[in-house]
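The values are calculated or read from the model by the stated rules, or taken from the named source; none is laboratory data. Just so it is clear, the structure is predicted and the values come from calculations on it, not from any experiment. Every residue, glycine among them, receives a Cβ derived from its backbone with ideal geometry; neighbour counts consider all protein chains shown.
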Amino acid sequence: MNTTRLLSAVAMAAAVALSPALAADKAQDFVDKAAIAGTFEVESSELALRMSKDVDVKKFADTMIADHGQANVELEMVAREQGLTVPTKLDGKHAALIEELEKAGAQFDAPYIKAQLDGHAEAVKMFQQYADNGDNQALQTFAVKTLPTLRMHLDMIEQLGDRVGATR
C-alpha cells in the first residue's frame with residue numbers, strides 16, 4: 001500500500017515537474033509558427049507591391065504589411081516577455097513560396113492570392129486552437145486579439161481570389 005502511494009506521489013511530482021516544460025514547448029511552437037506566418041505575409045506582400053499591376057491586390061498587400069507588421073511586433077514583445085525566442089527568418093516551406101512568387105512574373109496575382117488564402121486559413125485555425133487550448137495566458141490573449149483581423153483578411157482574400165482566379 002505504501003509503495004502504491006509512493007509511486008503515485010512520484011508520478012504526480014514528475015507530471016507537475018514536466019508540465020512547465022511541455023507547456024513551454026507548446027508555447028514556443030505557437031510562437032514559431034505564428035512568427036513565420038506573419039513574416040511570410042509581410043514579405044510576400046512587399047513582393048506584391050513590386051510585382052502586381054492590380055490596384056486592389058496592391059491595396060490588400062498594403063493592409064497585410066501594416067496589420068501583420070503590427071502583429072509581428074506585438075508577438076515578438078509577448079514572446080520575449082515569456083522567455084521565448086522568435087524566429088528571424090522563414091522556414092523552408094515559406095522561403096520556397098517566396099521564390100515561386102518571385103518567378104511568377106506577370107502571372108503573380110493568382111499565386112500570391114492563393115498563398116494568402118492558404119496561409120490565412122491555416123493561421124485562423126492555428127490561432128483559434130491556441131486561443132481555445134493554449135498553455136500560455138499571454139499568448140492566448142494575443143491569439144484572441146489577433147483572430148478577428150485574420151478572419152477579416154480571409155474574407156478580403158476570398159473576394160480577391162474570386163476576381164483573380166485563385167481559390168482554395
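The numbered conditions (1) surrounded by fewer than 18 Cβ atoms within 10 Å (Cβ to Cβ); (2) hydrophobic (A, V, I, L, M, F, W, C); (3) outside any helix (DSSP H, G or I) are all true for Leu84 except (1).
Among the candidates Gly165, Gly161, the residue that is touching a Ser or Thr at 6+ places or on another chain (Cβ under 8 Å), within 20 Å of Leu101 (Cβ to Cβ) and modelled with pLDDT under 95 is uniquely Gly161. Where the second residue is among the charged types (D, E, K, R) and in a helix (DSSP H, G or I) and the first is farther than 18 Å from Gln159 by Cα and lies in the stretch 37-63, which pairs have Cβ atoms under 7 Å and are six or more apart or on separate chains? The qualifying pairs are Leu47/Glu102; Leu49/Lys58.
Determine if the stretch 100-107 includes at least one residue that is on the phi > 0 side of the Ramachandran plot and part of a helix (DSSP H, G or I).
Going residue by residue through the stretch 100-107, those that are on the phi > 0 side of the Ramachandran plot are 105.
From the residues that got through so far, the ones that are part of a helix (DSSP H, G or I) too are 105.
Taking every residue of the stretch 100-107 in turn, at least one turns out to be on the phi > 0 side of the Ramachandran plot and part of a helix (DSSP H, G or I).
Report whether or not Gly105 is at pLDDT below 95, among the small types (Gly, Ala, Ser) and farther than 16 Å from Val42 by Cβ.
Values: at pLDDT below 95: yes; among the small types (Gly, Ala, Ser): yes; farther than 16 Å from Val42 by Cβ: yes.
Judged against the criteria, Gly105 is a match.
What residue, among those in the stretch 49-72 that are part of a helix (DSSP H, G or I) and more than 19 Å from the chain's Cα centre (by Cα), is surrounded by the most Cβ atoms within 10 Å (Cβ to Cβ)? By that ranking, first place goes to Val57.
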